[in-house]
Amino acid sequence: MTVEGKELVLEVDTGASVTVIPNKMFKEKLGYLKLRPASTSLKTYTGTELPLCGETQVHVEYQGQSAKLPLIVAEVDGKPAILGRNWLNVVKLNWKELFNVSSPDFVSELSARYKGVFGPGLGKIKEFEARLCVHTEATWKFHKSRPVPYSLRPVVEAELDRLEKEGVVTKAPTSAAITTSPDPPA
């Protein structure tokens, strides 16, 4: 978006009633403009009052649209510039373009940063404990394992052997029955 001929990056915030930029950005990009006292006071989402430096009228251009709009300058350095509803009512944004966040650069950056997650093979969760909470009045039922069709046994056994070699599963004795029972009532 171009403001007074300068390219500005603003974050769209439909919860913000007005457009606000940090004083530092204003001085760097639009410092030649005169500020008048702000005609309003602003509060953040948490209720904190925003320290305002003033406001001015600026010429805004976006994709063939142009308008003269109010801009509020706040002493909030380190925070992003916010594109509020007062500008959104006048400047019609290309919402499809804004919501398209999937880019090859973004994906490759994430893949490079988290190689362990996106790398080939299986990962392992270490130092993690799971806890299953079962209602104390639950009744337990035993279900025998489903039989594997004879024609599929070699394929299933080969897959289980592969998973065991990769450390995904561990072989248990065939006679071992898995039993669980709720805690006895106190």
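Computed from the coordinates by the stated procedures, all read-outs in this text should not be read as laboratory data. Quick caveat, the model's predicted, so the values are computed rather than measured. Quick reminder, even Gly has a Cβ in these numbers, built from the backbone with ideal geometry, and neighbours come from all protein chains shown.
Relative contact order for the chain: what is it in percent, counting Cα pairs under 8 Å that are at least 6 residues apart?
In percent, rounded to a whole number, it is 21.
In the chain, once you exclude exposed GluC sites (Glu not before Pro) (DSSP loop, at most 14 other Cβ within 10 angstrom), what's the longest stretch remaining?
Between the exposed loop sites, the longest stretch runs 1-74.
Once the Cα atoms of helix 104-113 and of the chain are each reduced to a long axis, what angle between those two axes, in degrees from 0 to 90 to the nearest 10, is obtained?
60 degrees
Would you mind checking the radius of gyration and Dmax of the chain based on alpha-carbon positions, in Å?
30.6, 85
Expressed in nm to one decimal, what extension gain is obtained for the pair V90 and E61 from 0.36 nm per residue of sequence separation less their Cα-Cα distance?
Extra length available between V90 and E61 comes to 9.3 nm.
Determine ³J(HN,Hα), in whole Hz, for all residues of the stretch 156-167 in sequence, where each value follows from phi through the Karplus function 6.51 cos²θ - 1.76 cosθ + 1.60 and θ = phi - 60°; x replaces Gly and Pro.
Ordered by residue, 3J(HN,Hα) equals 5, 4, 5, 5, 5, 4, 5, 5, 5, 5, 7, x Hz.
Whole-Hz Karplus ³J(HN,Hα) for the stretch 83-99, in order, using 6.51 cos²θ - 1.76 cosθ + 1.60 and θ = phi - 60°, x for Gly and Pro?
Here the 3J(HN,Hα) series is 8, x, 5, 4, 7, 5, 6, 9, 8, 8, 7, 8, 5, 4, 5, 5, 7 Hz.
Tally Lys/Arg at +1 and Asp/Glu at -1 over every other residue whose Cβ is under 11 Å from the Cβ of P22; what's the total?
Its environment carries a net charge of +1.
Which value, in Å³ per residue, describes the convex hull spanned by the Cα atoms of the stretch 1-55? Mind dumping the intermediate values first?
Details: hull volume 5.1 nm³, N = 55.
Once divided by residue count, the hull of the stretch 1-55 is 94 Å³.
Multiplying the sequence separation of L50 and E4 by 0.36 nm and subtracting their Cα-Cα distance, what value in nm do you get?
Values: separation 46, 0.36 × 46 = 16.56 nm, distance 2.44 nm.
So the chain would gain 14.1 nm between L50 and E4.
Sum up the charges of everything whose Cβ sits under 15 Å from the Cβ of V90, counting Lys and Arg as +1 and Asp and Glu as -1, but leave V90 out.
+2
From the C-alpha coordinates alone, can you work out the Kirkwood hydrodynamic radius of the stretch 58-166, in Å?
On the way: mean 1/r = 0.0446 Å⁻¹.
Across the stretch 58-166, the inverse of the average 1/r is 22.4 Å.
Please build a GNM for the chain, connecting alpha carbons under 10 Å apart, and tell me which residue among K171, K96, K34 fluctuates the most.
Checking each option, the largest mean-square fluctuation is seen for K171.
So what is the 222 nm mean residue ellipticity for the chain from helices alone, if each DSSP H run of at least 4 adds -39500 (n - 2.57) and you divide by all residues, rounding to the nearest 500 deg cm²/dmol? Mind showing how you got there, number by number?
On the way: 6 runs with 44 residues, N = 186.
Calculated from helices alone, the mean residue ellipticity at 222 nm is -6000 deg cm²/dmol.
Would you mind counting up the charge near T48? Only other residues with Cβ under 14 Å from its Cβ, with Lys and Arg at +1 and Asp and Glu at -1. If you can, show how the numbers build up before the last one.
Numbers: positive: K43, K79; negative: E49, E75.
It works out to a net charge of 0.
From Cα pairs below 8 angstrom and at least 6 apart in sequence, can you work out the relative contact order of the stretch 53-134, rounded to a whole percent?
Numbers: 42 pairs, mean separation 14.7, N = 82.
Once divided by the residue count of the stretch 53-134, the mean separation gives 18 percent.
What residues have an amide H closer than 5 Å to that of G54, excluding those fewer than 5 places away on the same chain, when H is modeled at 1.01 Å from N in the peptide plane?
Those qualifying (amide H under 5 Å, at least 5 residues apart or on another chain) are A38, V73.
Projected area of the stretch 32-100, taken from the Cα convex hull and averaged over every viewing direction, in nm²? Don't skip to the end; give the middle numbers.
Working: hull surface 24.5 nm².
Computed as one quarter of the Cα hull surface, the answer is 6.1 nm².
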